[in-house]
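The values are calculated or read from the model by the stated rules, or taken from the named source; none is laboratory data. It should be emphasised that the depicted structure is a prediction, and the values quoted were computed from it without experimental measurement. Note: ideal-geometry Cβ built from the backbone for every residue, glycine included; neighbour counts use all protein chains shown.
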């Protein structure tokens, strides 16, 4: 499982170092590569095993709505298989870097079955959204159901 967060930088060629604790999970998940796709102004990284499960769930869905077709087109069609090099770096394709606004400072965030890659600026905004949401009673009640 992917847990924790860490701050990194992306080099001019678009490579980022994947923390050892994440690389270990990636190897257990089927290979030395990850599937990267996009959502919520960040990139989502999945092991090959986990990505296969996602594709199977999407194929099994009976829903063929216009919005689901669009989602599949963008989420699956925009995904890239990105291998780790010997230094533990992953080259992020330019289209994904542009989507997520990845330029220099980035944040890797473990979210159990996947990890997210955020620009530092977008990550700071996301944290502020959470702080604002936690001031709302309905959100606090949802969190309280977790026993927190």
Which condition from (1) without any contact (Cβ under 8 Å) to a residue 12 or more places away in the chain; (2) surrounded by 13 or more Cβ atoms within 10 Å (Cβ to Cβ) is the one that residue 138 breaks? (2)
Exposed (fewer than 12 other Cβ atoms within 10 Å of the Cβ) and in contact with a helix residue (DSSP H, G or I) (Cβ under 9 Å, 6 or more places away or on another chain) - does that describe any residue in segment 88-103? no
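Report yes if residue 107 is surrounded by 12 or more Cβ atoms within 10 Å (Cβ to Cβ), in contact with a helix residue (DSSP H, G or I) (Cβ under 6 Å, 6 or more places away or on another chain) and over 24 Å from residue 2 (Cα atoms), otherwise no.
no
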Is it fair to say residue 10 is at pLDDT 95 or above, buried (at least 19 other Cβ atoms within 10 Å of the Cβ) and under 27 Å from residue 103 (Cα atoms)? yes
Checked segment 1-34 for anything in contact with a helix residue (DSSP H, G or I) (Cβ under 6 Å, 6 or more places away or on another chain) and over 18 Å from residue 106 (Cβ atoms); matches are 29, 30, 31
Note on segment 66-85: residues under 19 Å from residue 50 (Cα atoms), out of contact with any strand residue (DSSP E or B) (no Cβ under 8 Å at 6 or more places or on another chain) and surrounded by 11 or more Cβ atoms within 10 Å (Cβ to Cβ) are 71, 72
Residue check, residue 26 against (1) surrounded by 14 or more Cβ atoms within 10 Å (Cβ to Cβ); (2) at pLDDT 95 or above, all met but one. Which one? (2)
Which of the strands (runs of 3 or more DSSP E) found entirely inside segment 1-116 contain at least 3 residues meeting this: in contact (Cβ under 8 Å) with a residue 40 or more places away in the chain and closer than 24 Å to residue 130 by Cβ? 5-9, 33-39, 42-46, 105-110
Looking for something out of contact with any strand residue (DSSP E or B) (no Cβ under 8 Å at 6 or more places or on another chain) and under 22 Å from residue 119 (Cα atoms) - is there at least one such residue anywhere in segment 26-39? yes
Tally time: how many residues in segment 43-62 are over 22 Å from residue 25 (Cβ atoms) and surrounded by 10 or more Cβ atoms within 10 Å (Cβ to Cβ)? 2
